[in-house]
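Colleague: One structure, pasted below without further comment.
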Amino acid sequence: MPASRHQLYTWLRAKVTGSEDAAYAVARAVESTGITYLKAATTGVTVPDVLEVFATLLDRSQRHLVAFAR
């Protein structure tokens, strides 16, 4: 996957062009990556409010992943 945000955007645009299945595959990849980052971000966090925010974001990303799998 490309390193910079602009390269990532360009790469994702190229991947989704042409088919709905490709768009869903990219959406799943984006959500999976987000889930990995969110799980890593919670390491060492002890503030309850921050943990709640991460838990909510993780829950929503997991729901999106399920929706994109249909």
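Quick note: the coordinates plus some simple rules give every number you see, no bench work behind them. Quick caveat: nothing in here was measured; it's all calculated off a predicted structure. Because the Cβ atoms are built from the backbone with ideal geometry, glycine has one as well, and the counts that use them run over all protein chains shown.
Colleague: Using only the Cα atoms of the range 29-70, what are the Rg and Dmax in Å?
Modeller: Expressed in Å, the Cα Rg and Dmax of the range 29-70 come to 10.9, 36.
Colleague: Read through the labelled values (i) 4, 20, 29, 25, 18, 4, 0; (ii) 3, 16, 21, 20, 17, 12, 7, 3, 1; (iii) 4, 15, 23, 19, 14, 10, 8, 5, 2, 0 and report the label of the one computed as P(r) over Cα pairs in 5 Å bins from 0, in percent from the structure.
Modeller: (ii)
Colleague: Next question, about the same structure. Which value in nm describes the separation of the simple spin-label points at THR36 and VAL66, placed 7 Å from the Cα toward the beta carbon?
Modeller: For the pair THR36/VAL66, the computed spacing is 2.3 nm.
Colleague: Around ASP21, under 15 Å between beta carbons, what's the net of Lys plus Arg minus Asp minus Glu among the other residues?
Modeller: Net charge around ASP21: +2.
Colleague: I need the helices of the chain that pass two filters: whole DSSP H segments spanning 18 Å or more by Cα along the axis, and mean Kyte-Doolittle score no lower than 0.0.
Modeller: Membrane-span-like by this criterion, though nothing is claimed about a membrane: 20-41, 48-68.
Colleague: I've got another one for you. Calculate, in nm to one decimal, what ALA29 and TRP11 gain on full extension: separation in residues at 0.36 nm each, minus their alpha carbon distance.
Modeller: Result: 5.3 nm gained on full extension.
Colleague: On to the next question. Using a Förster distance of 30 Å, how high is the FRET efficiency between ALA22 and VAL45, based on the Cβ-Cβ distance and rounded to 0.05?
Modeller: Once rounded, the FRET efficiency stands at 0.25.
Colleague: Still on this structure, please answer the following. Under the definition of Cα pairs under 8 Å and six or more residues apart, what whole-number percent is the relative contact order of the chain?
Modeller: About 31 percent, as a whole number.
Colleague: Of VAL16, GLN62, SER32, which is farthest along the charge dipole of the chain in the positive direction, counting Lys and Arg as +1 and Asp and Glu as -1 at C-beta?
Modeller: Of VAL16, GLN62, SER32, it is VAL16.
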